[in-house]
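The structure under discussion appears below in the form of structure tokens.
Just so you know, all these numbers are worked out from the coordinates, no wet-lab data involved. Source: prediction; values computed, not measured. Virtual Cβ from ideal backbone geometry, glycine too; neighbours counted across all protein chains shown.
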Amino acid sequence: QACGDVGLGRMPEPEELAQQVTEYFHKAQRTIAEKFGMLAGKQVTITAGPTREAIDPVRYISNHSTGKMGFALAAACYAAGANVTLIAGPVSLDTPNGVKRKNVSSAVQMLNESMQMLEQGCDIFIATAAVADYRVAQVAEHKIKKAGDELNVALVKNPDIVATIAQQEKRPFMVGFAAETRNIEEYAAGKLVAKKLDMIACNDVSRADIGFASDENAMTVFFAEHYHLDKRDLDKASKQEIAQQLVEAIHTALHHNPAVEEDF
Ligand code: C5P
């Protein structure tokens, strides 16, 4: 060394150095986001993935949701300075850096976890989960044995998680999603009102290039009437970019005070 120190070199492995540098910048970025990010200091809860409704101990009803949109949104909200909790159905995705995760299986479990998050204080609730509309009325205690040519399983309606949270007295800013194959805008606008949402993002799942398992998405966002905000078309982009644009849309609505504009 120039200072005269003599001995064996003690440089850490390059991989470890690279990791430490990355961590340093992540921490620095987070510190800035916590102060100046679009969702700085907000408590965000996101439901994601499918739900699994048991038929018996080995079988269940579910759907093809992968949870990608919800996980991308969780990462985008965290990057915007929020404290994020993901309530995830069974998916094979890594938890985004800095995000808290609660794993659930059924719709009822997802609702219970959502209500708990509400009690702990939640400013923004984003429902991306593809919740099963129905669950099995009576889950069999033992594996159902093959018998006749037909098997009838009675189903009962699952609770609507996003609508239930929106009905609570201290409700957060509510964001819903609508996946449709036709009359997209009409159905989405209907859901916005029926579920008492503040914002809804809808996409056309009949298109093979976007939605569900795809890495890309294209959406139209509608705001509740009292925001006096025009609909926003989000062009086809990666789910990460769409998530970023959705964060911007949430930020716009949260800071848009139509009453102020009407005074002028
Ligand atoms: O009615 P539909 O299932 O199309 O509504 C989609 C929106 O409602 C999504 O935001 C979804 O996460 C939410 N939803 C829910 N609980 C249900 C059904 C849907 O939170 N049981």
Requested in this report: Obtain the nm distance between the two label points defined at residue 143 and residue 23 by a simple spin-label model: each point lies 7 Å from its Cα along the Cα-to-C-beta direction.
Outcome: 4.6
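Among bridges DSSP assigns within the chain, what percent are antiparallel (round to 5)?
Details: 15 of 39 bridges.
Close to 40 percent.
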Query - Partner lysines for residue 157 [C-alpha distance under 28 Å; skip if fewer than 8 residues away on the same chain] - result: 68, 102, 143, 145, 146, 170, 191, 195, 196
Query raised in the report: Okay, which of the stretch 81-123 sit inside 20 Å, backbone N to the point 7 Å along the Cα-Cβ direction of residue 251?
Result: 81-85, 97-99, 123
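Going by C-beta contacts inside 10 Å, put 136, 58, 84 in order with the fewest on the left. Before the final figure, lay out each step's value.
Numbers: 136 19, 58 10, 84 25.
In order of increasing Cβ crowding within 10 Å: 58, 136, 84.
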Requested in this report: Using only the alpha carbons of the stretch 35-148, determine the length spanned along each of the three principal axes and report them from longest to shortest in whole angstroms.
Outcome: 64, 26, 19
Report summary line: Note: probe point = Cα of residue 233 + 7 Å toward Cβ; backbone nitrogen < 20 Å; residues of the stretch 155-196 passing the test are 178-190
Query raised in the report: With point charges of +1 on the Cβ of Lys and Arg and -1 on the Cβ of Asp and Glu, referenced to the Cα centre of the chain, which listed residue (108, 28, 240) lies farthest in the positive direction of the dipole?
Result: 108
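Given the convex hull over the Cα atoms of the stretch 142-256, what projected area results after averaging over all orientations, in nm²?
Numbers: hull surface 44.0 nm².
Here the figure is 11.0 nm², rounded to one decimal.
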Query - Where labels lie 7 Å past Cα in the beta-carbon direction, separation of residue 168 and residue 204 in nm - result: 3.6
Query raised in the report: In nm, to one decimal, how far is the modelled label at residue 226 from the one at residue 196, with both set 7 Å along Cα→Cβ?
Result: 1.1
Query raised in the report: Over all distinct alpha-carbon pairs, what is the Kirkwood Rh of the chain in angstrom?
Result: 20.5
